[in-house]
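Working notes for the structure below.
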Amino acid sequence: MGEWFRRLIGRPGTVDLGPYRRLLGQVGDREPTVRELPDEELTASVTELRADESVAGADRFPTDKLVEFSALAREAARRALDERPFDVQLLGMMAMLSGNVIEMATGEGKTLVGALTSAGYAIRGRRVHIASVNDYLARRDAEWMRPVYDLLGVSVGWIGQDSTADERRAAYACDVCYGAVSELGFDVLRDRLAYEESELVVPEPDVLIVDEADSVLVDEARVPLVLAGAIEQSAADPALAELVKGLGRGVHYEIEEDARAAHLTNAGIDRVEAALGGIDLYGVEHMATLTAVNLALYAHALVERDVDYIVRDGRIQLIDDNRGRVATLQRWPDGLHAAVEAKEGLVTSESGEVLDTTTIQALVRRYPTVCGMTGTAVAVAEQLREFYELEVAVVPPNVPCIRKDEPDRLYVTRDDKEDALVAHISSVHGEGRPILIGTLDVAESERLARRLRRAGLECSVLNAKNDAEEAAIIAEAGREGAITVSTQMAGRGTDIRLGGRDAQDHDRVAEIGGLYVIGTGRYSSSRLDDQLRGRAGRQGDPGGSVFFTSFEDDVIVRHASDTAVPSADPKTGRIEDAGGKWSMNHAQRVAEGELLELHRNTWRYNKLVEVQRSTVLEYRNKVLHSDLADKELAERCSERHAELLGEVGAEVLAAAARQIVLYHLDQRWSEHFALLTELREGIHLRALGRRNPLDEFNRDAVPPFLNLLAEVREQAAETFRSVTITPEGVDLAASGLKRPTATWTYLVRDDQFDEGERFMSTMKRAMRRPK
Ligand code: ADP
Ligand code: MG
């Protein structure tokens, strides 16, 4: 089956832009009139629209009002930014105003489209959150677009990692609020711990506009956002880290074929046991030591510095293996994290008890209206429909794309590939053409940069350091003679103009072919390849792209390892055979399929958890916003309630009742959640017994939940009977009921279904003594 045919049948229908296109003429007709309006009148016209009964609160703009708004919005952008939105940008805006995800190529001006869309929603009386990829972009976009919003009379704010609760409240109170998707999620999680209405930060969710929609809605969808309560963590033993460093691979331990598990051999066990004073490592009393040894071994043998993590400012920072970017505030399961810290000789960071989690997918689904924009949406159209009920609208480029995408150059070994890569870069660079090289991970970036420098080629390396710095570097990637080495996501969202940031030498660089993008290997999906290619050839500029691949690349090794290597040129190792190309595409499709299955799986498991969570949250909200707790306790402990009431008054008593109930509710939920997590971790073992793990999970997860709310009420009543309540309120801590002293938030990349599960099963396997 040809590629074209697969694409043809695999591509679901996309949204018809015809009806919007027909409005463009009318928008154009309004332009001369609107252009005559002084600024204040422009703003006043928008405000008038906002007050119009047919617009405020309407599901959709009535057609004539949509035309009017489009004309005003275009004029506002023209005045504020000196950029008159192209017809295609208005089309994109209209499609998003109808709740679709738009596909619009890189460099086409989606930031502006998103801003105009959000203003459109605001004018219809909606409150909009714009989810950005990171803090840097959230702030940049809000500030960049502010003059447009000002002219439209729409208020705008942004939140970042360092924003205080008051700053967040102020930002959320604006018509439009920009924030990294993780920050939006953490605020939701933190609000779930509020004891008083006044502590709440996030307003009711309304409209969400997702930038880089495919990466947020698909690639990141499974990522759990975690809220934890601070507790002290015990450090991993540095002596164990030293001990495992002295073990030999193949002698003392073995790494399994898929490189995801390591276990001690008998020789290794003997050695470790001797070093620990002759203990029996597999004795019941040494379970904890065995776990610690296994963690240390895992950290030593399978977690690689500069590939899986970097050390910065004395801390471990994980690298997202998908993107080769540092994932801030992300950590491995606690024990492993501490083991890696010990391996690097670092001070152990704080750890926490998980209070609650959510996933980006669940966060997104809270919003009644969702729309989004990205350069690559069609490839995930089916998933957007399956998981979010979203449709994709394909917006054509303003000027047709003339980028030349060359066929892959395939080699036998990685060395062959890199030799050819360096030679090719050198020759293209000789013409002065700017080159952007996309690598798979940070280690590869470093290695390639070293090779290039050795060959006398100066280059800038984007190393997942910080988003603002990366943006500054990537903005210069289009300058004549520039060579920039970067991982796939680095600097995303920043425009690469030919001739550098100021586009001064644009025409000269265009003449020599524009930006040339080179991929050092296929990513785990062709969509990610396309994202990289898309960085060249913006807004009709010339440009080119090519991928260098080899049979030693990860994607082949992991997903098509049994493929025979086709014949190659004996000197260069280059494979011209069509079968080679087929294998590469095949491996990538297998990888895509596996990811989709993982996504589906998480979705299925999370469904039940979400049902339980929303039951708890619904009760929690009632308690928080009403006197329900007071009523319930008055009913259950009427004598004590009356006696109190006489002493402290109704208001203090109601607040105390609320706090007591919420305390027990949060506590029980966090316990129940730990149980669910444990169940999920253990459930795959039952799959071995040929039972359907999902059914098993659902069956075991339900009974403990049935009594949860009843238990909370009971525990609350018990506390209520014994606790001291003074006119100052209730002192829970004095009764031994401690809330976490501080909370912190993080993202976990490896959840139970891939790395985490593998890790747990590794641990379990390793703990059984080998024969
Ligand atoms: P995208 O997010 O689609 O990749 P950006 O929003 O970063 O694109 O915009 C790319 C560049 O295009 C920016 O430099 C922006 O100033 C410019 N731009 C956007 N819209 C217009 C327009 N209507 N006219 C001229 N330049 C525009
Ligand atoms: Mg963008």
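The values are calculated or read from the model by the stated rules, or taken from the named source; none is laboratory data. Just so it is clear, the model here is predicted, and its values are computed rather than measured. All Cβ positions, glycine included, derive from the backbone under ideal geometry; neighbour counts span all protein chains shown.
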Restricting segment 446-463 to residues that are over 29 Å from the mean Cα position of the chain (by Cα) and charged (D, E, K, R), which is nearest to residue 432 (Cα to Cα)?
458
If I ask for residues that are of a type in the set (A, V, I, L, M), touching a residue at least 60 places away in the same chain (Cβ under 8 Å) and more than 19 Å from residue 378 (Cβ to Cβ), which ones from segment 524-575 would you list?
536, 546, 565, 568, 575
How many residues are assigned to a loop (DSSP other than H, G, I, E, B), modelled with pLDDT of 95 or more and either near ligand 1 (Cβ under 10 Å from one of its atoms) or closer than 21 Å to residue 533 by Cβ (or both) when one looks only at segment 106-130?
2
Which condition number in (1) touching a residue at least 24 places away in the same chain (Cβ under 8 Å); (2) under 23 Å from residue 398 (Cα atoms); (3) outside any strand (DSSP E or B) is the one that residue 502 fails?
(1)
The lone condition residue 161 fails out of (1) in a loop (DSSP other than H, G, I, E, B); (2) surrounded by fewer than 20 Cβ atoms within 10 Å (Cβ to Cβ); (3) modelled with pLDDT of 95 or more is (3)
Would you check which residues across segment 487-507 are at pLDDT 90 or above, of a type in the set (S, T, N, Q) and touching an Asp or Glu at 6+ places or on another chain (Cβ under 8 Å) and list them?
494
Looking only at residues that are crowded, with 19+ Cβ neighbours inside 10 Å and among the hydroxyl-bearing types (Ser, Thr, Tyr) in segment 399-453, which one is nearest to residue 539 (Cα to Cα)?
439
Just give me the residues in segment 86-105 being away from ligand 1 (no atom under 13 Å from the Cβ) and of a type in the set (S, T, N, Q), in sequence order.
98, 100
Those strands (runs of 3 or more DSSP E) lying entirely in segment 167-245 with at least 2 residues surrounded by fewer than 21 Cβ atoms within 10 Å (Cβ to Cβ) and more than 16 Å from ligand 2 (Cβ to nearest atom)
224-231
Give segment 11-59 a look and list any residue that's closer than 16 Å to residue 90 by Cα, among the basic types (Lys, Arg) and within 36 Å of the chain's Cα centre (by Cα), or say none.
21
Under the condition of being in contact with a strand residue (DSSP E or B) (Cβ under 8 Å, 6 or more places away or on another chain), modelled with pLDDT of 90 or more and away from ligand 1 (no atom under 16 Å from the Cβ), which residue from segment 193-235 is nearest to residue 344 (Cα to Cα)?
217
Quickly run through segment 82-105 and pick out the residues that are under 22 Å from residue 515 (Cβ atoms) and either of a type in the set (Gly, Ala, Ser) or modelled with pLDDT under 95 (or both).
105
Residue identified as touching a residue at least 40 places away in the same chain (Cβ under 8 Å), away from ligand 1 (no atom under 16 Å from the Cβ) and charged (D, E, K, R) among 469, 511, 458, 480:
480
Members of segment 55-105 that are assigned to a loop (DSSP other than H, G, I, E, B), away from ligand 2 (no atom under 16 Å from the Cβ) and out of contact with any Leu (no Cβ under 8 Å at 6 or more places or on another chain)
56, 57, 58, 59, 62, 82, 84, 98
Odd one out for residue 109 among (1) away from ligand 2 (no atom under 16 Å from the Cβ); (2) on the phi > 0 side of the Ramachandran plot
(1)
